Amino acid sequence: MISQALLRGLNGKAMWVVALLVAAAILVPASNLLLPAGHPLRVPNYLVPLMGKYLCYAMLALALDLVWGYCGILSLGHGAFFALGGYAMGMYLMRQIGDRGVYGNPDLPDFMVFLNWDALPWYWQGFDMFWFAMLMVMVVPGLLAFVFGWFAFRSRVTGVYLSIITQAMTYALLLAFFRNDMGFGGNNGLTDFKDILGASVQAGGTRAALFAASALMLAAAFVVCSAIVNSKLGKLMIAVRDAESRTRFLGFRPEYVKLFAFVVSAVIAGIAGALYVPQVGIINPGEFAPANSIEVVIWAAVGGRGSLIGPIIGAILVNVMKSYFTVAYPNLWLFALGGMFVFVTLFMPKGIVGFLSGRRWPGRPARTTTDAGLDTAKPSPAE
Amino acid sequence: MTSIAPARAEDRPLLYLDGVSVSFDGFRAINNLSLYLEKGEMRAIIGPNGAGKTTMMDIITGKTRPDRGDVFFNGTIDLTQHDEPAIATFGIGRKFQKPTVFESHTVEDNLLLAMKGKRSVVAQFFHVSSRHEREALDGILETIRLTGRRADQAANLSHGQKQWLEIGMLLAQDPKLLLIDEPVAGMTDAETEETVRLLKEIARDHSVIVVEHDMHFVRELGVKVTCLHEGSVLSEGTLDHVSNDSRVIEVYLGR
């Protein structure tokens, strides 16, 4: 039954996306590792983790779009799930350092020795095991999303109010993780990683493998999201987005529909965060910053929400531009980002993907589209 | 309080409202309202604006909780104790005053979502359309005369067609009781005629409450009429009886 449902996720368009990502997962590492330095087709070393980072961002944007584009939940706190996944991975990586830290303590990470702690706190137990850490990468964001969503959706908090409390959630976590007493490295976060599964995180081979893992996980997340949105549940999600109270009179419980999407989305965001951390080498409370979560919304809006491919394109495009701008014109980046958001909102309300697919192609009739998904932040008058 | 309603639960009619009151900020929207609907009956509800027609529907469907009074469905189900999705699952369907369809879905998908069946999230994910379901869907499309537009977005339908689509969604739900709020508002005469035909067909095997202002339409339906005023029943009976009632003429029909 599950395989049948997942196969539904592999329709024509999804096949192309998956094929492309699998090809990238093979070709980029192969080109980086096998071709000699200086070869024109070789992907340079610095580019491998950078591209891997873009793919993690793309996964985060995809996760956001599942709730925003399809369920009408404008989450301004999705960075929190990403960061929690990242912290879970960071904790595993910290435990792998062992006695190679500055203080050489075999049991405690450096920052705990520095704080004069004499034992590992209970919530650090088990993170030396990879499988346990990977489980937590999914469980912690998923659980937070479940508890948060349970209260928010059952109380029928929607629209702007919901957006504001998601923002408050990530801000509260930001403040909490800044505290040294929390036991997550405070201000500095977790860094100076050495090994992942016994391989050095700095090694070219590991970086290539992490890139491949990012591409494959993005493909898997795409198939899962595609299976959801192409099912009757996907139609119901759109119905909840457009006329939530109407679905109640059909006998549906929209709060559970939203809860399901929110939890799935948080788990995907957590996995993205876990893949991100070893590729950038650090996780700190800054990842919880509200501005980060808002930036994710911009990626999805630029690419085109309400389509699964849109947020992926948006995340990669905006971040490539960011990489360029922050080197070439560091002072102008935020203006460029804001300008892009204004431009897209005004002239391409359905993003790049919506703009392209709404155009009339030769030999194909014009698609009729509505802007039904656009006023998601507006509380429904029926509520 | 004197009540003509039978005391035993199993003798109650399909829909049983007794002594229901609700106030909003001190305003009595429904005031000691009693109304009984037999199984298989179609009833037309008329009354001036603010008479409490829509509030009554809100109470029946669980959107509003009454301050006082009994609301029973099917004899034993206390509707005041349940919320909208639960009440919809018991078999009460509702069409809203303003046609409310899922605009970005096709006509077909609107009906598919309304189609009777499991309502859990997991069941929706694994749902595969059965042949039975597809046949029922074709039948409903035929009934509401939208077969030719099944693949069109609901947003692109005319006002009258949206009204029909919503009635079609009610049919797909296959409820025991249909609450229909102003089905012919904004319809042309020809569409109104068509709607009368449609409702009469539906009333053959469903219980129906229709709220409508259009007296011509109510006359065409030819069913028992209840006139509400200031939240309670002003007059009840045949249309001729109600429209000759001096109090109804006073507050609603005008001299």
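The values are calculated or read from the model by the stated rules, or taken from the named source; none is laboratory data. Just so it is clear, the model here is predicted, and its values are computed rather than measured. A quick note on method: Cβ atoms are made from the backbone with ideal geometry, for glycine too, and the neighbour counts reach across all protein chains shown.
Looking only at segment B:189-215, residues that are in a loop (DSSP other than H, G, I, E, B) and within 19 Å of B:Thr226 (Cβ to Cβ) come to 4 in all. Residues in segment A:246-299 that are touching a helix residue (DSSP H, G or I) at 6+ places or on another chain (Cβ under 7 Å), charged (D, E, K, R) and away from every other protein chain (no Cβ under 14 Å): 1 in all. Residues in segment B:149-178 that are in a helix (DSSP H, G or I) and among the small types (Gly, Ala, Ser) were compared, and the one that is nearest to B:Thr106 (Cα to Cα) is B:Ala154.
Within the group A:Ala212, A:Ala227, which residue is assigned to a helix (DSSP H, G or I), within 20 Å of the chain's Cα centre (by Cα) and more than 9 Å from every other protein chain (Cβ to nearest Cβ)? After ruling out the rest, the residue left standing is A:Ala212.
Filtering segment A:258-268 for residues that are of a type in the set (S, T, N, Q) and part of a loop (DSSP other than H, G, I, E, B) leaves an empty set. Which one is nearest to A:Met340 (Cα to Cα), of the residues in segment A:295-309 that are outside any helix (DSSP H, G or I) and more than 14 Å from the chain's Cα centre (by Cα)? Looking at the filtered set, the residue picked out is A:Gly304.
The number of residues in segment B:118-148 being outside any helix (DSSP H, G or I) and facing another protein chain (nearest Cβ under 9 Å) comes to 6.
Listed by position, the helices (runs of 4 or more DSSP H) enclosed by segment A:1-80 that each have at least 1 residues that are away from chain B (no Cβ under 14 Å) and either in contact (Cβ under 8 Å) with a residue 40 or more places away in the chain or closer than 16 Å to A:Val264 by Cβ (or both) are A:12-34, A:47-68. The residues in segment A:277-310 that are in contact with a strand residue (DSSP E or B) (Cβ under 7 Å, 6 or more places away or on another chain) and surrounded by fewer than 20 Cβ atoms within 10 Å (Cβ to Cβ) can be counted, and the count is 2. Restricting B:Leu170, B:Leu221, B:Leu177, B:Leu199 to residues that are farther than 27 Å from B:Phe27 by Cα and touching a Pro at 6+ places or on another chain (Cβ under 8 Å) narrows the list to B:Leu199. Of all residues in segment B:218-255, those satisfying the criterion of being closer than 15 Å to B:Ala51 by Cα and in a loop (DSSP other than H, G, I, E, B) are B:Glu230, B:Gly231.
Applying the selection to segment A:103-116, what residues are in contact (Cβ under 8 Å) with a residue 12 or more places away in the chain and surrounded by fewer than 16 Cβ atoms within 10 Å (Cβ to Cβ)? Residues satisfying the conditions are A:Asp107, A:Leu115. Considering B:Glu230, B:Glu193, the condition of being surrounded by fewer than 20 Cβ atoms within 10 Å (Cβ to Cβ) and either farther than 30 Å from B:Ser23 by Cβ or of a type in the set (A, V, I, L, M, F, W, C) (or both) is satisfied by B:Glu193 alone. Selection of segment A:99-125 for residues being in contact with a Pro (Cβ under 7 Å, 6 or more places away or on another chain) and assigned to a helix (DSSP H, G or I) yields only A:Asp99. Once segment B:57-110 is narrowed to residues that are basic (Lys, Arg) and surrounded by fewer than 20 Cβ atoms within 10 Å (Cβ to Cβ), the residue that is nearest to B:Val184 (Cα to Cα) is B:Lys98. Candidates are the residues of segment B:233-255 that are among the hydroxyl-bearing types (Ser, Thr, Tyr) and either out of contact with any helix residue (DSSP H, G or I) (no Cβ under 7 Å at 6 or more places or on another chain) or surrounded by fewer than 15 Cβ atoms within 10 Å (Cβ to Cβ) (or both); the one that is modelled with the lowest pLDDT is B:Tyr252. Determine whether segment B:149-160 contains at least one residue that is surrounded by fewer than 17 Cβ atoms within 10 Å (Cβ to Cβ), among the hydrophobic types (A, V, I, L, M, F, W, C) and at the interface with chain A (Cβ under 9 Å from one of its Cβ atoms). Scanning segment B:149-160, I find no residue that is surrounded by fewer than 17 Cβ atoms within 10 Å (Cβ to Cβ), among the hydrophobic types (A, V, I, L, M, F, W, C) and at the interface with chain A (Cβ under 9 Å from one of its Cβ atoms), so the answer is no.
On inspection, A:Leu236 does not qualify as within 23 Å of A:Trp131 (Cα to Cα), in contact with a helix residue (DSSP H, G or I) (Cβ under 7 Å, 6 or more places away or on another chain) and not in a loop (DSSP other than H, G, I, E, B). Residues in segment B:88-112 that are under 22 Å from B:Val208 (Cβ atoms) and facing chain A (nearest Cβ under 7 Å): B:Ala88, B:Thr89, B:Arg94, B:Thr100.
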